[in-house]
Amino acid sequence: MDKTQLIDQTAVFIKSKLTGEGSGHDWWHIYRVWKNAIHIAEFEQADLFVVELAALLHDIADWKFHDGNEDIGPQQAREWLEGLGVDEKVIGHVCTIIQDISFKGAGVATNMKTIEGMIVQDADRLDAMGAIGISRAFAYGGSKGREMYNPELKPEQHDSFEQYKNSQGTSINHFYEKLLLLKELMNTVTAREIANKRHKVMEDYLQEFFKEWEGKD
Ligand code: ADP
Ligand code: NI
């Protein structure tokens, strides 16, 4: 199989696995991350094959839905890629990206080791921002039975991955605990520009939200 066929097969596999998922981690999230990643990669010297495979497989099995098990994603990605006969070097690289990509709390560094990882992490984070990011935050919160907002609960700063994993905060607090911090965490110039625009969309949205909450216009 050539590289295009391997990517197409991976897309078909992930689409069948994640279609209809209701927490914002469905196939269309993967699709958008894939497209975002290709766009960002145009401006970087990167191995596009690794970028595309990692984008497609990055949420194959997320710790958030597997009792916090961080190894399950890379394991499942490896199984799939080995089954296709992909080069071990590529498999290792893709699995490392999947292992490292996730946001783990405001006070926890998540540095990607390669440009390919940086691109996929930026693409994933962009999909947590802006109009789509707002939608996904409430879809995720609802799927976990979280309150939309509760003014009596203040946002927390998570200094360890354990704290972040176990957090039960409201979806609005998630904006302060993660989403509004993402703009400063972009790895590439291209993503940073897109992030600035999406950040503004979230700020405007929150301003409106709090106005309406207090019964103002
Ligand atoms: P990451 O692995 O970096 O968290 P994902 O691709 O898994 O990235 O997506 C995380 C998505 O889930 C984001 O859109 C984010 O807003 C949402 N999410 C995660 N945790 C929460 C939470 N506690 N409340 C609301 N939304 C959340
Ligand atoms: Ni994702």
Contact order relative to length of the chain, as percent, for alpha carbon pairs under 8 angstrom and 6 or more apart: 20
Cβ-placed point charges (K, R +1; D, E -1), dipole of region 83-217 about Cα centre in debye, nearest 20: 80
Relative frequency of Cα-Cα separations exceeding 23 Å in the chain, percent: 46
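Could you sort out which of K17/K165; K35/K64; K144/K211; K144/K165; K64/K144; K3/K89 sit more than 20 Å apart by Cα distance in this structure?
Beyond 20 Å: K17/K165; K35/K64; K144/K211.
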Span from the region 150-217 Cα centroid across to the region 53-112 one, whole angstrom: 25
Accessible surface of the chain [probe 1.4 Å, protein heavy atoms]: carbon and sulfur percent: 50
Chymotrypsin sites (Phe, Trp or Tyr not before Pro) within region 13-54, DSSP loop, no more than 16 other Cβ atoms inside 10 Å: F43
Solvent-accessible area per residue, Å², over the chain with all protein chains present [probe radius 1.4 Å]: 50
Charge context of E193, other residues only, Cβ under 15 angstrom, K/R +1, D/E -1: +2
Dipole in debye (nearest 20) - region 1-141, about Cα centre, beta carbon charges: Lys, Arg +1; Asp, Glu -1: 360
Label point 7 Å beyond Cα of E162 along Cβ direction - residues of region 96-112 with amide nitrogen under 18 Å: 104-109
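The values are calculated or read from the model by the stated rules, or taken from the named source; none is laboratory data. Here the structure is a predicted model, which means the values were calculated and not measured. Cβ atoms come from the backbone with ideal geometry, glycine included; neighbour counts cover every protein chain shown. We work out accessible area using only protein heavy atoms, side chains counted, and drop any ligands, DNA or RNA first. Shrake-Rupley method; radii C 1.70, N 1.55, O 1.52, S 1.80 Å.
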